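Here's the structure we're looking at; comments come further down.
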Ligand code: NAD
């Protein structure tokens with residue numbers, strides 16, 4: 001693919017391109033390629049919300065189910081002004097592969113609403129959440145499609161979703177969403193799970209690469225659920241976090257940032273910028289600072305053919321979904337960068353979502369120690385399986401993860417056969 005083409009492509013084209021590479025390497029049957037290349041269901045909803053000033057606004061939202069071969073659809077719901085159907089389709093496809101890489105019995109789904117939630121009051125956000133969930137109820141359900149948090153959605157939004165669905169059913173259905181608060185059937189450790197899974201992968205990769213974490217410098221783009229918690233957990237491994245950023249920009253201190261203080265600063269000021277003792281930098285600069293480990297934890301298409309060559313980190317751990325374009329992947333591989341791809345690196349979130357769903361269905365509650373131990377077992381196993389394929393096939397880790405995932409989904413699809 002040419003540079004111009006890559007620069008113009010959207011996440012859905014990236015996702016399909018990544019799939020095509022794996023399908024080619026696996027020599028998948030043409031019919032199977034056609035099936036796995038497209039989402040199974042795409043729902044677009046336009047729904048009204050009464051605003052605080054009495055006016056009515058109509059919002060657009062989506063829910064996409066990419067593949068249901070290995071189990072019900074699973075995937076988060078994103079609130080962002082740039083949400084598009086193609087972004088949701090890509091995220092749904094990535095969920096299919098992610099669930100397959102870690103071997104949990106789900107297919108892939110994703111949802112989103114085009115909205116900047118920072119512009120809404122809490123009352124408006126609740127009304128939007130309840131009405132959106134009502135509109136997508138034709139698809140969701142604890143045996144059919146189980147949403148979860150993603151960018152700009154959290155335990156509060158999941159509680160409104162769960163309550164809305166339960167009101168319509170006439171009884172409480174905790175298993176319809178994950179990422180709920182503990183008081184409503186949420187799992188211990190779910191809030192930290194994505195970042196914890198990322199850090200388990202980084203520990204494994206660092207061992208493989210001979211990077212000593214206490215001597216390592218880390219840069220993190222995005223300072224929300226995935227990014228801020230990854231910063232805390234990697235600092236707990238004695239690594240030095242030298243740069244972080246959020247949507248307003250970044251900060252850099254080559255001697256290290258005090259993460260609990262940065263978190264408190266962001267809570268107080270709504271931005272990481274202006275943090276005492278650090279230099280304000282742009283989001284783009286955070287990706288290029290001198291460091292050993294880079295954790296993109298914001299949005300898609302942040303590492304492209306334009307900046308991939310400038311990345312200094314030896315190890316890139318994709319806590320975000322889709323932060324690297326295929327062309328950037330090639331540059332990074334050529335530059336001997338070790339990539340932990342999103343479908344492996346951030347799979348801790350969906351893994352503990354799976355634990356939450358199992359606990360809800362069984363009316364059970366596990367301890368955090370139990371959750372983290374089970375998560376570690378799954379992440380370490382998936383990492384070593386992907387690494388073994390990368391070594392055997394002499395390929396990069398993303399291709400290896402795709403080979404594992406696509407083969408598992410193709411096997412399940414083949415065994416189920418074609419209905420009718
Ligand atoms: P979040 O809303 O908690 O945080 C997003 C962060 O990214 C915020 O700090 C925001 O300021 C920052 N951000 C937004 N635009 C940015 C930009 N252009 N440059 C730099 N920073 C920017 O969301 P999250 O749940 O942490 O999700 C982040 C990424 O992790 C997404 O790609 C998401 O799909 C992925 N992810 C999240 C989970 C999860 O369980 N939360 C699971 C798997 C993957």
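Descriptive notes on the structure:
- Extension gain, residue 336 back to residue 10 (0.36 nm per residue minus Cα-Cα distance, nm): 114.8 nm
- Antiparallel %, DSSP beta bridges [both residues in the stretch 40-184], to 5: 60 percent
- Shape of the stretch 258-306, Cα gyration tensor, a/c cut at 1.5: prolate
- Label-to-label distance, nm, for residues given as residue 284 and residue 365 (7 Å Cα→Cβ offset): 5.0 nm
- In terms of other Cβ atoms within 10 Å, 286, 241 run from fewest to most in the order 241, 286.
- In terms of the mean number of neighbouring beta-carbon atoms within 10 Å, the peptides 16-28, 194-206 order highest first as 194-206, 16-28.
- Cα centroid separation, the stretch 265-328 to the stretch 162-230 (Å): 19 Å
- Extension gain for residue 144 to residue 57 (0.36 nm times residue separation, less C-alpha to C-alpha distance): 28.3 nm.
- Taking the fewest neighbouring Cβ atoms within 10 Å as the starting point, the ordered list for 413, 367, 96 is 367, 413, 96.
- GNM result for the chain, Cα springs below 10 Å: residue of 213, 120, 139 fluctuating most strongly: 120
- For the chain, calculated [θ]222 nm from helices alone, where every DSSP H run of n ≥ 4 adds -39500 (n - 2.57): -15000 deg cm²/dmol
- Distance (nanometres) between label positions extended 7 Å along Cα→Cβ at residue 381 and residue 269: 4.5 nm
- Kirkwood-based shape ratio for the stretch 193-340, expressed as Rg/Rh from alpha carbons: 0.93
- The stretch 266-420: C-alpha gyration tensor shape, a/c 1.5 cut-off, then a/b vs b/c: oblate
- At the listed q of 0.11 Å⁻¹, the Debye profile of the chain, built from one uniform point per Cα, gives log10 I(q)/I(0) equal to -0.79.
- Relative exposure of 165, 171, 402, judged by other C-beta atoms within 10 Å (fewest first): 171, 165, 402
- Separation of alpha-carbon centers, the stretch 76-127 and the stretch 392-411, rounded to whole Å: 24 Å
- When the square roots of the Cα gyration tensor eigenvalues are ordered a ≥ b ≥ c, the ratio a/c for the stretch 1-131 is 1.5 or more and a/b exceeds b/c, which makes its shape prolate.
Quick note: the coordinates plus some simple rules give every number you see, no bench work behind them. Nothing here was measured: the structure is a model prediction, and the numbers come from that model. Virtual Cβ from ideal backbone geometry, glycine too; neighbours counted across all protein chains shown.
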